[in-house]
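Where a number appears in this text, it was derived from the coordinates with a stated rule and is not lab data. Keep in mind it's a predicted model, so treat the numbers as computed, not measured. Virtual Cβ from ideal backbone geometry, glycine too; neighbours counted across all protein chains shown.
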Amino acid sequence: MGLHGDEMVKRAFLFAGQGAQFVGMGKDLYETFPICKKIYDDADKHLGFSISQVSFNGPEEQLTRTEISQPAIFVMSAAITELLKSECPDLIPAVVAGLSLGEYNALFAARVITFEEGVKLVKRRGALMEEAGLKHPGTMASIIGLAQNILESICHESGCQIANINSPDQIVISGPIQAVEKACALAKEKGAKRVIPLKVSGAFHSYLMTEASQGLAKELDRFEFSKPHIPFIANVTASGEHNPGTIKKLLSEQVISPVRWVESIEKITAMGIREAFEIGPGTVLKGLVRKINPEISVLNLGTAVDIQAYLNSVISKKES
């Protein structure tokens, strides 16, 4: 029997991106909730290999491969989305957004794409990005404590790009390996608090992903998108997008463009949202949102324990 959420509270659903994966992710959901088991079983059929086995048991080096980690995160987040829809039919988010890969989960939650379409798209996206990374080697680094305008100047000088504007004091850069190394050295000279090289298989959100972007555009053309049933904030524009053709175009542009996460959360704030659910593996988004706007409280829903606690809280509210 379905539960009813607190219909009066306006909430955002936020979805994690690549890098949030870990061995064992989703196993407790699979074993606890029949609807999550069905999602994983369906995903295994759609993908033609067992994403559940790799997610639950690893090995880690396989799970971290871009073409594996992307569908793994998508499937886990989609399983939680479907579980919430089943158990709390009145829990309809006021807005959805996702960090990079997480956009596909946001679009699934907004009923722009079906689960099968999402699984197939993220599998292809991951493969295209992995291929581009092998063909045009690059890397990424997280710069802590340096203003965006200073970092833009450094990127211009070194030949790399801003990839993710994650929070006011955390910006990720991307590009050829030597360009990123040069930018990191310059960032230290300019007073960055920390410079953290990232373990990635390519220079995501940079021009080195151009072939992946072009391949993804062709792939997206094969799918029929619906209009969002829920407001959707896009990474590339940091604004609400509702035209299916525009959304497709932005998804292909996204792999070579900066993820404007700070502006996306500011847009959500301007909509009057003060509560959000972080759906999927990890707790990265909760930390970023706290830095962007501490007034927004974020509840993590990534484990069976998290979700059961939330469902129990809904029951107790209904009974009181």
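What the table below lists for this structure:
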{"quantity": "Rounded to 5, the percent of DSSP beta bridges in the chain classed as antiparallel", "calculated": "55"}
{"quantity": "For the chain, with +1 on Lys and Arg beta carbons and -1 on Asp and Glu, the positive-most of N300, G245, T269 along the dipole", "calculated": "T269"}
{"quantity": "Förster radius 30 Å - calculated FRET efficiency between V23 and D44 (Cβ-Cβ, nearest 0.05)", "calculated": "0.95"}
{"quantity": "Per-residue HN-Hα couplings for segment 161-174 [Karplus 6.51, -1.76, 1.60; θ = phi - 60°; Hz; x = Gly/Pro]", "calculated": "9, 6, 9, 9, 9, 7, 7, x, 10, 9, 10, 9, 10, 8"}
{"quantity": "Rounded Å value of the spacing that divides the Cα centres of segment 36-108 and segment 263-320", "calculated": "18"}
{"quantity": "10 Å Cβ shell holding at most 11 others, DSSP loop, trypsin sites (Lys or Arg not before Pro): longest site-free stretch of the chain", "calculated": "1-198"}
{"quantity": "Spacing of the two label points (7 Å from each Cα toward its C-beta) at F223 and E181, in nm", "calculated": "3.8"}
{"quantity": "Ranked I230, I80, I177, criterion: other C-beta atoms within 10 Å, fewest first", "calculated": "I177, I230, I80"}
{"quantity": "Length-normalised contact order of segment 138-198 in % [C-alpha pairs under 8 Å, at least 6 apart]", "calculated": "48"}
{"quantity": "Spin-label model distance (nm) - A147 vs E60, 7 Å beyond Cα toward Cβ", "calculated": "3.9"}
{"quantity": "Segment 138-198 - charge dipole about Cα centre, Lys and Arg +1 at Cβ, Asp and Glu -1, debye rounded to 20", "calculated": "140"}
{"quantity": "Under-5 Å amide H pairs with T139, H placed in peptide plane, nonlocal only", "calculated": "G175, I177, A203"}
{"quantity": "For the chain, size of Cβ-based charge dipole, Lys and Arg +1, Asp and Glu -1, in debye", "calculated": "340"}
{"quantity": "Gain upon complete extension [R194, K37; 0.36 nm per residue less C-alpha separation]", "calculated": "52.4 nm"}
{"quantity": "Of K291/K318; K193/K286; K135/K188, pairs whose Cα-Cα distance is over 31 Å", "calculated": "K291/K318"}
